[in-house]
């Protein structure tokens, strides 16, 4: 049955060693292996869902699935200020994304279109920042931003923007480089002007890159934990970003697992859906600087 | 007029340079400065104290073992990640029905916050009711729930192995995708040539695919080394680096130091930082990236 469901794809003339009938079987073996692996990748997050739907009085039960299912963890989630945390996380992620786009687009456009002294230096600087991680310089970040005395949300917007700039510069640089300058020049000859050509020709063509940079920065800032934990210490839960609020469900003596995983689901599902849109292009942004 | 033309790029790049300066470069300066200062728990600076922080750091009884553990952590996690990813990339490079959906499943640990993944595994390894232990109990590996045997995170060795597993798990998606994009860049006729020459699939993998995949492997390895070295949420949430410092890497150790002695934590950060820079520079020189960036 397995061998007959799919017609064999046409074989290249050179691959004469493989008999025609073995091809579909091989395809299905590969497919089933891939399905199994996909399920393995999904399982931990399914467990998060099962835990969120498990009644609190079943938390001490050693069963794989809950005996009863309940949505109460989701309905009682909001009384602890989680709505405020979602708002704070949205503010931070959106703020960082706006700054990254405003700052990276001119830089990426300029380095894609022009050759000038300092261009290589700038690109190396950007590449270097990709090698730096907040964890490595936490002490410096904490001391610097404590001195600034900004509200934590503001500090987190700036820090997240800074650490995600490199990705945006690389991916936008690649997109702008792939758009022929002649297109812009032709539009300018047609009387659009430089700004008009940029807005109506270049930006729409670079849209996939811009969307990728946008979603990637948003997700990275949304998921960021260490700097958020450090800079929002001592704030009220609703003033803390979602990752920190989730961490707060871990008490000194007991953990509120039901709420923790319900909040975790709220934090995770939208991000996974967003990520699916940019899935194919993310790698090029992360590795472009290094392999170009 | 010429001067304006010369300065124009600075206008375009200026905001980016300023942002990098404030967020990435200045903290390094502050960090180096702090590493030579005596700083109280509240962040109050008592003054410069020369190399005292470094002296104290190098004489910490746990310093050497933490560094060795960091080395094992990075090499094991990155090594295993690369090996599994090579297999996964080969698998997901094939054409089969439903490939797109399976690839979506693959990205979940990448898109989700590492914090959440770490917390799921911390729960699943709970000695009494964690789902991994419940399953292991069902199939007879764990004799008794709630026993020392089921307390995987209480024993430094088994805790480290489980945490390495989680670190590999969250590193696989990016690595596999990086290798997949490398595979897509290999033209098909290279394989035809190899098969005309009578190469078996394994031989053509070793002789054709791996060498052509080298740039992707190098980049993915480097990015993974940096990520895994700086990895924080997994160990922090699952064991807090304990018991004692027996499951701490240098990043966890530094963050723990920050609670008691900011100056010494700064010294540790500078040390970690130099370590990463050395690794990166070795890579830059072996792969000659500078010329490639300049194009």
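Please go through segment A:118-154 and give me each residue that is surrounded by fewer than 19 Cβ atoms within 10 Å (Cβ to Cβ), at the interface with chain B (Cβ under 8 Å from one of its Cβ atoms) and not in a helix (DSSP H, G or I), ordered by number.
A:118
Check off (1) surrounded by fewer than 19 Cβ atoms within 10 Å (Cβ to Cβ); (2) touching a helix residue (DSSP H, G or I) at 6+ places or on another chain (Cβ under 7 Å); (3) part of a helix (DSSP H, G or I) for residue B:179 and give me the number that stays unchecked.
(1)
Quick one: which of B:57, B:88 is outside the structural domain of residue B:181 (by TED's automatic domain parsing), in contact with a helix residue (DSSP H, G or I) (Cβ under 7 Å, 6 or more places away or on another chain) and crowded, with 18+ Cβ neighbours inside 10 Å?
Within the list B:57, B:88, the selection yields B:57.
Go through the residues of segment B:250-264 one by one and say whether even a single one is surrounded by fewer than 16 Cβ atoms within 10 Å (Cβ to Cβ), under 30 Å from residue B:60 (Cα atoms), outside the structural domain of residue B:92 (by TED's automatic domain parsing) and free of Cβ contacts under 8 Å to residues at least 40 places away in the same chain.
Checked segment B:250-264: no residue is surrounded by fewer than 16 Cβ atoms within 10 Å (Cβ to Cβ), under 30 Å from residue B:60 (Cα atoms), outside the structural domain of residue B:92 (by TED's automatic domain parsing) and free of Cβ contacts under 8 Å to residues at least 40 places away in the same chain.
If a residue must be in a loop (DSSP other than H, G, I, E, B) and more than 14 Å from residue A:263 (Cβ to Cβ), how many such residues does segment A:47-70 contain?
Number satisfying all stated conditions: 14.
Inspect all residues belonging to segment A:81-101 and state whether any of them is more than 7 Å from chain B (Cβ to nearest Cβ), at pLDDT below 85 and touching a helix residue (DSSP H, G or I) at 6+ places or on another chain (Cβ under 7 Å).
Within segment A:81-101 (the criterion being more than 7 Å from chain B (Cβ to nearest Cβ), at pLDDT below 85 and touching a helix residue (DSSP H, G or I) at 6+ places or on another chain (Cβ under 7 Å)), the answer is yes, since at least one residue qualifies.
Tell me yes or no: at least one residue of segment A:107-114 is touching a residue at least 12 places away in the same chain (Cβ under 8 Å), closer than 28 Å to residue B:110 by Cβ and either within 7 Å of chain B (Cβ to nearest Cβ) or in contact with a strand residue (DSSP E or B) (Cβ under 9 Å, 6 or more places away or on another chain) (or both). Steps first, answer last, please.
First pass over segment A:107-114, keeping only residues touching a residue at least 12 places away in the same chain (Cβ under 8 Å): A:107-109, A:111-113.
Restricting the remaining residues to those that are closer than 28 Å to residue B:110 by Cβ gives A:107-108, A:111-112.
Still in the list and also either within 7 Å of chain B (Cβ to nearest Cβ) or in contact with a strand residue (DSSP E or B) (Cβ under 9 Å, 6 or more places away or on another chain) (or both): A:107.
Looking through segment A:107-114, at least one residue is touching a residue at least 12 places away in the same chain (Cβ under 8 Å), closer than 28 Å to residue B:110 by Cβ and either within 7 Å of chain B (Cβ to nearest Cβ) or in contact with a strand residue (DSSP E or B) (Cβ under 9 Å, 6 or more places away or on another chain) (or both).
Rundown of residues vs (1) under 18 Å from residue A:93 (Cα atoms); (2) at pLDDT 90 or above; (3) more than 24 Å from the chain's Cα centre (by Cα); (4) not assigned by TED's automatic domain parsing to the domain that holds residue A:110, yes/no style:
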| residue | (1), (2), (3), (4) |
| --- | --- |
| A:139 | no, no, yes, no |
| A:148 | no, no, yes, no |
| A:171 | no, no, no, no |
| A:199 | no, no, yes, no |
| A:219 | yes, yes, no, no |
| A:224 | yes, yes, no, no |
| A:229 | yes, yes, no, no |
| A:232 | yes, no, no, no |
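Sort through B:137, B:93 and tell me the only one that's in contact (Cβ under 8 Å) with a residue 40 or more places away in the chain and either more than 18 Å from the chain's Cα centre (by Cα) or at the interface with another protein chain (Cβ under 9 Å from one of its Cβ atoms) (or both).
Step by step, each of B:137, B:93 is checked, and only B:93 is in contact (Cβ under 8 Å) with a residue 40 or more places away in the chain and either more than 18 Å from the chain's Cα centre (by Cα) or at the interface with another protein chain (Cβ under 9 Å from one of its Cβ atoms) (or both).
Among B:140, B:182, B:146, which is the only one that is at pLDDT 85 or above and assigned by TED's automatic domain parsing to the domain that holds residue B:86?
Matching residue, one of B:140, B:182, B:146: B:182.
Can you pull out the residues in segment B:271-295 that are at pLDDT 85 or above and facing chain A (nearest Cβ under 9 Å)?
B:272, B:273
Might you let me know whether segment B:152-159 holds any residue that is more than 30 Å from the chain's Cα centre (by Cα) and assigned by TED's automatic domain parsing to the domain that holds residue B:216? First the steps, then the outcome.
Taking segment B:152-159 as the starting set, the residues that turn out to be more than 30 Å from the chain's Cα centre (by Cα) are none.
Within segment B:152-159, none of the residues are more than 30 Å from the chain's Cα centre (by Cα) and assigned by TED's automatic domain parsing to the domain that holds residue B:216.
Which ranges mark the helices (runs of 4 or more DSSP H) fully within segment A:196-291 that have 1 or more residues being out of contact with any strand residue (DSSP E or B) (no Cβ under 6 Å at 6 or more places or on another chain) and away from chain B (no Cβ under 13 Å)?
A:207-223
The values are calculated or read from the model by the stated rules, or taken from the named source; none is laboratory data. Given the structure is predicted, the values throughout are model-derived calculations rather than measurements. Every residue, glycine among them, receives a Cβ derived from its backbone with ideal geometry; neighbour counts consider all protein chains shown.
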